[in-house]
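Chemist: The structure follows.
The values are calculated or read from the model by the stated rules, or taken from the named source; none is laboratory data. This is a predicted model, so every value here is computed, not measured. With ideal geometry, Cβ positions are generated from the backbone for all residues, glycine too; neighbour counts draw on all protein chains shown. Heads up: the accessible areas ignore ligands, DNA and RNA and are worked out on the full protein's heavy atoms, side chains in. Shrake-Rupley method; radii C 1.70, N 1.55, O 1.52, S 1.80 Å.
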Amino acid sequence: MAATRAAPVPAPTPRGKSRGPRTGSHAGWTFLLRRLGFYLVTAWAAITLNFLIPRFMPGDPAVALLKNLQQTTGAAPNTAAVRAVRMFYGDPTRNLLQQYLDYWNNLAHFDFGLSVSHYPTPVSGIVLDALPWTVLLAGTTTVIGWLLGTLLGAFVGWKPGGRADSLLTPITAFLYSLPPFWLALLAVYVFGFTLGWFPISGGYDPDVPFQLNNLWFLLSVLRYGALPAFTLIFIGINGWMFAMRNVMAGTVSEDYVLLAHAKGLRPRRVMLRYAARNALLPNVSGLALALGSIFGGVVFAEIVFTYPGLGYVLFQAVSSHDYPLMQTIFLLITLGVLAANLIADSTYVLLDPRTREER
Amino acid sequence: MRQFLTNGKVRVGLVILGGFLLLALVGPWLVSSVLGTDPHRIDYDALGVGPGADHLLGTTSSGQDVLAQLLTGCRGSVEVGLLSGVLAVGVAALIGVTGGFLGGRTDQLLTAVTNIFATLPSLPLMLIVAGYMTRVDSVVIALLIGLFEWPVCARYLRAQTLSLRGRDFVQALRMVGESRWRMVLVEIMPHLSGVLSSLFLRAVVTGVFAEAGLRFLGIGGGDSVTWGTMIAFAQQQDGVLRGMWWWFVPPGLFIALLGTATALVNFGLDEIGNPVLRHSGRAAIRRARAHLAARRDRTNTVEVTS
């Protein structure tokens, strides 16, 4: 498992046919398989943590849950409810290993228990309702933010110490340091409250029927999503610009870039095809690394804008002590992040010829 | 070191950081003796008023002075940052240096654990753990943050130790039969101090950010005043939709200023360690062009003569 994480800076290995021991003609596949193994182990760790946390926390969450149920429904929980809670948190009379096996069995049947705050709705239903909103918001903003930030970083890092660099870099450092939830609040204040340009809460216009084939509905989704999306893209750009700028500053004085200059190629071509293309690699693996924290930004944005995604539901679940809901969302977020990481790693293999099969 | 202190970015960053550290130390005293109030005192004549002569930064909806909270909050935020930073860097040093120095199976295992923890999304994990706790005060928040922040630092330290281990002076010590502990503590650690201090600085600021974030998510009661609790309060009281910008703008700006200062110091460190970042590549390009042109001329001549 040593050095499984793709090295952020390309190692100075010779690119051509080296005489040394070949890494094998299937280097790319080996790399991917090892990554797959790593993610499987990590997924197992996350699932097991999800099992262990409620059982090793002080106090009995099952009792708290039942009390909570009594408060929400106004009546003592019936035996079915008690059984549902015990199924989720384990029967204290069974030993831990049996509980662990039960837990896996439930997972295999996509049985995540019933929500306490929305009793007796199954957790899976609530989660499935919220999931598309988050995927939509996080997906589009991550891609757009990454693209714009990387491009801007390539431009700024092209002339380190130049005018664009010395002007933009400190500004970006400041913008990058703004807490995301604070920026979201500010966006609501300026563009929602003061200027009134955008709606400030919800995912779509409640006056429009919820229909995916209705153009007005889709337009209202765009309008309601605009402010959270802009905020997230804005936050994203700064980080990626930083990263790209630093790697780009390193590549512009590499031999192959100098050679491209010497060949008399147009500067734009040298910048994009030679320097930026190589500087891009760390940003691709950086994308994988950052996916976990990107979700943090989405959670905050969803809360500030009361956007009906997973983050907002998670926030509600935590404040109403809805443990089954909370844990299912955690599991889903974690597995999603792992899957996205794996995709980013595969992309890395496609982009970096050194990990790819040599022809 | 001299290069470090003469770098403009580093200077600006250090001055700001020093200012915040000073504020963390004297903030509460400043509030009580200069402003003559405390962050919890309620002014019933001024509930939720904007900035003015009596309250320079206005008051909260329950009539507490925002400026007093802002100045006192520095200590609360910095305390959480420092505690979580110490914990994160401590655990990271233990695991990263051990793995990097010992190598082999131990290293493989520790690296695997580090990578798993680094990949798991820390914010939801912190939220879940905090959600199960009955009492979450500043210390618990700091511990939580530190517990989920170490993997990134551990990776850096492992890489650094790995490269140090191969250096001649360590090899020489090994030949002499120096004990492992002495090698790590007396010989390797001082070489890591630069990386350690940079990581620690970053960890402290991450801690301040994370605390604010967790508070914002409603974790922890109102046991202490921090910049995070101020913003969380503004959100809970619907400060935005009531137009009370002075509730959340000042603490956010202070957090951002702290982050910027750290970024500037780390920029400076990067530039010193890697001069390429500072200088334009132009000179190198010009040199290379001249060099290639000269070589082309030479090969041409050779062809002509042969």
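Chemist: Say we look at segment B:229-239 and pick out the residues that are under 20 Å from B:Leu258 (Cβ atoms) and in contact (Cβ under 8 Å) with a residue 40 or more places away in the chain; which of these is surrounded by the most Cβ atoms within 10 Å (Cβ to Cβ)?
Modeler: The qualifying residue surrounded by the most Cβ atoms within 10 Å (Cβ to Cβ) is B:Met230.
Here is a yes/no grid of residues against (1) modelled with pLDDT under 80; (2) under 30 Å from A:Phe217 (Cβ atoms); (3) of a type in the set (Ser, Thr, Tyr):
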{"site": "A:Pro61", "(1), (2), (3)": "yes, no, no"}
{"site": "A:Thr73", "(1), (2), (3)": "yes, no, yes"}
{"site": "A:Pro77", "(1), (2), (3)": "yes, no, no"}
{"site": "A:Tyr89", "(1), (2), (3)": "yes, no, yes"}
{"site": "A:His109", "(1), (2), (3)": "yes, no, no"}
{"site": "A:Leu137", "(1), (2), (3)": "no, yes, no"}
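Chemist: Which one of these does B:Arg242 not meet: (1) open to solvent by 50 Å² or more (accessible area, probe 1.4 Å); (2) away from chain A (no Cβ under 14 Å)?
Modeler: (2)
Chemist: Taking the condition out of contact with any strand residue (DSSP E or B) (no Cβ under 6 Å at 6 or more places or on another chain), of a type outside the set (Val, Ile, Thr) and at pLDDT 75 or above, does A:Ala43 pass?
Modeler: Judged against the criteria, A:Ala43 is a match.
Chemist: Say whether the condition of being within 11 Å of chain A (Cβ to nearest Cβ) and either in a helix (DSSP H, G or I) or in contact with a Cys (Cβ under 9 Å, 6 or more places away or on another chain) (or both) is met by at least one residue in segment B:163-184.
Modeler: No, there is no match, as no residue in segment B:163-184 is within 11 Å of chain A (Cβ to nearest Cβ) and either in a helix (DSSP H, G or I) or in contact with a Cys (Cβ under 9 Å, 6 or more places away or on another chain) (or both).
Chemist: Something else now. Among the residues of segment B:121-150, what is the count of those that are touching a residue at least 24 places away in the same chain (Cβ under 8 Å) and under 20 Å from the mean Cα position of the chain (by Cα)?
Modeler: Qualifying residue count for the region: 16.
Chemist: Quick one: which of B:Val97, B:Val113, B:Val89 is away from chain A (no Cβ under 11 Å), open to solvent by 10 Å² or more (accessible area, probe 1.4 Å), in a helix (DSSP H, G or I) and out of contact with any His (no Cβ under 9 Å at 6 or more places or on another chain)?
Modeler: Testing whether each residue is away from chain A (no Cβ under 11 Å), open to solvent by 10 Å² or more (accessible area, probe 1.4 Å), in a helix (DSSP H, G or I) and out of contact with any His (no Cβ under 9 Å at 6 or more places or on another chain) leaves just B:Val89.
Chemist: Scan segment A:122-132 for residues that are in contact with a helix residue (DSSP H, G or I) (Cβ under 8 Å, 6 or more places away or on another chain) and either among the β-branched types (Val, Ile, Thr) or open to solvent by 30 Å² or more (accessible area, probe 1.4 Å) (or both) and report the count.
Modeler: Count: 5.
Chemist: Go through the residues of segment B:130-147 one by one and say whether even a single one is open to solvent by less than 40 Å² (accessible area, probe 1.4 Å), touching a helix residue (DSSP H, G or I) at 6+ places or on another chain (Cβ under 9 Å), hydroxyl-bearing (Ser, Thr, Tyr) and within 14 Å of another protein chain (Cβ to nearest Cβ).
Modeler: Yes; the residues of segment B:130-147 include at least one that is open to solvent by less than 40 Å² (accessible area, probe 1.4 Å), touching a helix residue (DSSP H, G or I) at 6+ places or on another chain (Cβ under 9 Å), hydroxyl-bearing (Ser, Thr, Tyr) and within 14 Å of another protein chain (Cβ to nearest Cβ).
Chemist: On to the next question. Pairs needed: first member in segment A:166-195, free of Cβ contacts under 8 Å to residues at least 24 places away in the same chain and outside any helix (DSSP H, G or I); second member anywhere, open to solvent by 10 Å² or more (accessible area, probe 1.4 Å) and polar (S, T, N, Q); C-beta distance under 7 Å; at least 6 residues apart or different chains.
Modeler: Close Cβ pairs (under 7 Å, with a partner that is open to solvent by 10 Å² or more (accessible area, probe 1.4 Å) and polar (S, T, N, Q)) amount to A:Ser177/B:Thr260.
Chemist: Could you figure out which of (1) more than 21 Å from B:Arg41 (Cβ to Cβ); (2) assigned to a loop (DSSP other than H, G, I, E, B); (3) not hydroxyl-bearing (Ser, Thr, Tyr) isn't true of B:Gly213?
Modeler: Status for B:Gly213: all satisfied but (2).
Chemist: Got a sec? Which of A:Thr140, A:Thr134, A:Thr150 is touching a Gly at 6+ places or on another chain (Cβ under 8 Å), polar (S, T, N, Q) and in contact (Cβ under 8 Å) with a residue 24 or more places away in the chain?
Modeler: Details: A:Thr140 fails: touching a Gly at 6+ places or on another chain (Cβ under 8 Å); A:Thr150 fails: touching a Gly at 6+ places or on another chain (Cβ under 8 Å).
Only one candidate passes the filter, namely A:Thr134.
Chemist: Still on this model: Restricting to segment B:9-41, name every residue that is touching a residue at least 12 places away in the same chain (Cβ under 8 Å) and among the hydroxyl-bearing types (Ser, Thr, Tyr).
Modeler: B:Thr37
Chemist: Just name the residue that is surrounded by the fewest Cβ atoms within 10 Å (Cβ to Cβ) out of those in segment A:26-52 that are within 22 Å of A:Leu96 (Cβ to Cβ) and out of contact with any helix residue (DSSP H, G or I) (no Cβ under 6 Å at 6 or more places or on another chain).
Modeler: Ranking the candidates gives A:Trp44 first.
Chemist: For segment B:219-228, check the following and say yes or no: at least one residue is in contact with a helix residue (DSSP H, G or I) (Cβ under 9 Å, 6 or more places away or on another chain), open to solvent by 60 Å² or more (accessible area, probe 1.4 Å) and assigned to a helix (DSSP H, G or I).
Modeler: no
Chemist: Counting just the residues of segment A:169-196 that are more than 7 Å from chain B (Cβ to nearest Cβ) and among the β-branched types (Val, Ile, Thr), which one comes out surrounded by the most Cβ atoms within 10 Å (Cβ to Cβ)?
Modeler: For segment A:169-196, the residue satisfying everything is A:Thr169.
Chemist: Only residues that are open to solvent by 50 Å² or more (accessible area, probe 1.4 Å) and over 14 Å from the mean Cα position of the chain (by Cα): list them for segment B:190-218, please.
Modeler: Matches in segment B:190-218: B:Pro190, B:His191, B:Ser193.
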